[in-house]
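Report on the following structure.
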Amino acid sequence: MTSAIPAEPADAHPYVFADSGAEERDRLRLLARLLDPLHQRALRAAGMRAGLRCLELGSGAGTMAEWMADQVGADGHVLATDINPAFLGDLRRPNLTVRQLDVVTDEIPRSAFDVITCRALLHHLPRREFVMERLAAGLKPNGVLVLIEPDAGAAVFGAPEQRDFWSAWCRWGEAEGIDFRLGRELPRAVQRAGLDLRDVTMDVPFYGGESPWGVLYRSTVQAARPRLDAWIAPGLLAEFEDLGRQGAHPMCSFGWVAVCGRAADAKAVRSR
């Protein structure tokens, strides 16, 4: 059985970054390199093990899909999905399937997965509460939902120009339908979706100069630059880039919040 899917919501915004091309591939690979350790810790804490059936949404460069496939082994299975799976074509695991999927409009099987996970995806989506309910409905009894999202408001630290830039960046995000402060809302969102909140952690990376995090954030800003002109003054953008390259001040731009929610067990489901 699959959940009923309404037509695409009228308030949907297009994805603001490129979904193909070498530069976007490299940006996603760097994001994976930096966030995979947090994601893997969260999944291990949630009980990742052999034999599970897993769904990953917004699989990006595919590194977590491959890791999960290795964890669940021959008796398990991983379904890796993306709205544009352009960077997933090289994935080769007998227990891994790649599929194009838009989580807002496409069907998700109900009660089908032991683990559903996504990272840096929900903050781009319209109707997030609706999406959360659909993800919760896709879990088997006692299944887990593991989410990782940014929270800029909880973590900006650095020179005044840095703070001014990221404040303007968040205002631009709101205009585009993107919530760069979503991380703090995840625990309540998991509970509203009917799941038992099991774990919440937050990584706050500090960086400077040409460190990997510095390169990631500058490349992310560069990827969005064609849409930023109305929201961020050219002088502030130049100051942000100069400060990032100098590395004279320790900075952090986003915290990354990992949340795990668990569905009710079979006995509790039958008693409802």
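The values are calculated or read from the model by the stated rules, or taken from the named source; none is laboratory data. Note that the structure is a prediction, hence the values are computed from the model and not measured. Heads up, the Cβs are rebuilt from the backbone with ideal geometry, glycines too, and the neighbour counts pull from every protein chain shown. Ligands, DNA and RNA are excluded from the accessible area calculation, which covers all protein heavy atoms including side chains. Shrake-Rupley method; radii C 1.70, N 1.55, O 1.52, S 1.80 Å.
Would you mind stating whether R171 is over 15 Å from the mean Cα position of the chain (by Cα) and modelled with pLDDT of 95 or more?
no
Restricting attention to the range 201-232, which residues are in contact (Cβ under 8 Å) with a residue 60 or more places away in the chain and not in a helix (DSSP H, G or I)?
The answer is T201, D203, P205, W231, I232.
Among the listed residues E24, E8, which satisfies the condition of being within 18 Å of the chain's Cα centre (by Cα) and either at pLDDT below 90 or over 27 Å from G261 (Cα atoms) (or both)?
E24
Could you identify the single residue in D106, D90 that is more than 23 Å from P37 (Cβ to Cβ), open to solvent by 40 Å² or more (accessible area, probe 1.4 Å) and either in a strand (DSSP E or B) or not polar (S, T, N, Q) (or both)? Explain how you work it out, then say what you get.
Working: D90 fails: more than 23 Å from P37 (Cβ to Cβ).
Going through D106, D90 in turn, the sole match is D106.
Please enumerate the residues belonging to the range 169-191 that are part of a helix (DSSP H, G or I) and either open to solvent by 60 Å² or more (accessible area, probe 1.4 Å) or acidic (D, E) (or both).
Filtering the range 169-191 down to residues part of a helix (DSSP H, G or I) leaves 169-176, 182-191.
Matches in the range 169-191: R171, E174, E176, R184, E185, R188, Q191.
Among the residues of the range 257-272, what is the count of those that are surrounded by fewer than 24 Cβ atoms within 10 Å (Cβ to Cβ) and either part of a loop (DSSP other than H, G, I, E, B) or modelled with pLDDT under 95 (or both)?
The number of residues fulfilling the criteria is 9.
Restricting to the range 65-87, count the residues that are surrounded by 18 or more Cβ atoms within 10 Å (Cβ to Cβ) and small (G, A, S).
Selection size over the range 65-87: 4.
For the range 136-150, give me each residue that is open to solvent by less than 10 Å² (accessible area, probe 1.4 Å) and part of a helix (DSSP H, G or I).
None - no residue of the range 136-150 is open to solvent by less than 10 Å² (accessible area, probe 1.4 Å) and part of a helix (DSSP H, G or I), so the list stays empty.
Identify all residues within the range 109-135 that are open to solvent by 40 Å² or more (accessible area, probe 1.4 Å), modelled with pLDDT of 95 or more and part of a loop (DSSP other than H, G, I, E, B); write none if there are none.
Hits for the range 109-135 are R110, S111.
So is P250 surrounded by fewer than 14 Cβ atoms within 10 Å (Cβ to Cβ) and modelled with pLDDT under 90 or not?
Numbers: surrounded by fewer than 14 Cβ atoms within 10 Å (Cβ to Cβ): yes; modelled with pLDDT under 90: yes.
Yes, satisfied.
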